[in-house]
Amino acid sequence: MTSVKDRLVDLLAACAMFLMMEWEDIKDILKTVVVTFITCFLITTFFFRPVQVQGSSMHPQVKDGLIGFSSIVTRNISGIDRFDVVVIRLDEKKEDLIKRVIGLPGETIEFKNDVLYVNGEAYEQDFLDSEYVEQEKARVHSDVFTNDFKFTLGEDEYFCMGDNRIVSADSRVYGPFSAKKIKSVGILVLFPFSEFGYINH
């Protein structure tokens with residue numbers, strides 16, 4: 001006949017086994033959480049930067065609300081080229097800007113009558129949607145899409161602008177950006193699915 005003491009011992013043993021099993025489950029969950037966190041940190045620090053487009057400064061090519069990833073790897077290996085679409089970190093405002101590189105270090109950038117000049121040489125801006133440009137000029141009753149200006153860049157300065165020149169706050173407002181502030185290049189759009197694809201030049 002089993003005594004009350006034996007029953008209590010069996011019950012305590014069963015409880016101990018249950019708690020041990022629960023602790024093993026908790027440890028597994030904690031391991032999964034830690035590994036996932038470290039993996040996400042490494043990916044977003046060294047490989048791909050998550051991006052959500054806010055605003056219309058790059059419209060119509062880069063639309064408001066797009067969600068995707070921008071390549072840190074490409075930026076670090078291939079560097080920053082003219083007309084790249086880049087993600088710029090504004091630490092003081094704790095936000096990212098998505099703009100296009102127009103001028104590279106040491107260059108003199110000039111816009112005159114909507115023509116881009118780099119060190120006096122005219123450059124085509126094929127990435128601009130000509131129909132949209134004319135539409136916006138008519139909307140604001142302006143003869144030009146980009147107001148005339150001239151700027152000379154320093155050794156580690158990049159002049160970046162939004163494609164939607166009339167509404168974009170860019171290097172014309174913030175000044176040139178250092179290479180350190182340009183975190184990644186291009187955008188692989190994942191959502192909405194109708195816009196899926198890679199945007200760079």
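None of the figures in this text is laboratory data; all of them are computed from the coordinates on show. All values derive from a computational prediction rather than experimental measurement. Glycine gets a Cβ as well: all are built from the backbone with ideal geometry, and neighbour counts include every protein chain shown.
Overview of values
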quantity: Stokes-Einstein translational diffusion, the range 50-199 - Kirkwood Rh over all Cα pairs, 0.890 mPa s, 25 °C, in µm²/s; calculated: 155 µm²/s
quantity: DSSP-assigned coil residues among trypsin sites (Lys or Arg not before Pro) in the range 73-145, each with at most 11 further Cβ atoms within 10 Å; calculated: LYS93, LYS94
quantity: 26 Å Cα-Cα threshold exceeded, pairs from LYS63/LYS150; LYS63/LYS137; LYS137/LYS180; LYS112/LYS180; calculated: LYS63/LYS150; LYS137/LYS180; LYS112/LYS180
quantity: FRET efficiency estimate (nearest 0.05) - Cβ-Cβ, VAL144 to ASP81, R0 25 angstrom; calculated: 0.45
quantity: 14 Å beta-carbon shell around GLU195, net charge (K/R +1, D/E -1); calculated: 0
quantity: FRET E, pair THR108, LEU188, Förster distance 41 Å, beta-carbon r, rounded to 0.05; calculated: 0.80
quantity: SER184 long-range amide H proximity, modeled H, under 5 Å; calculated: VAL87
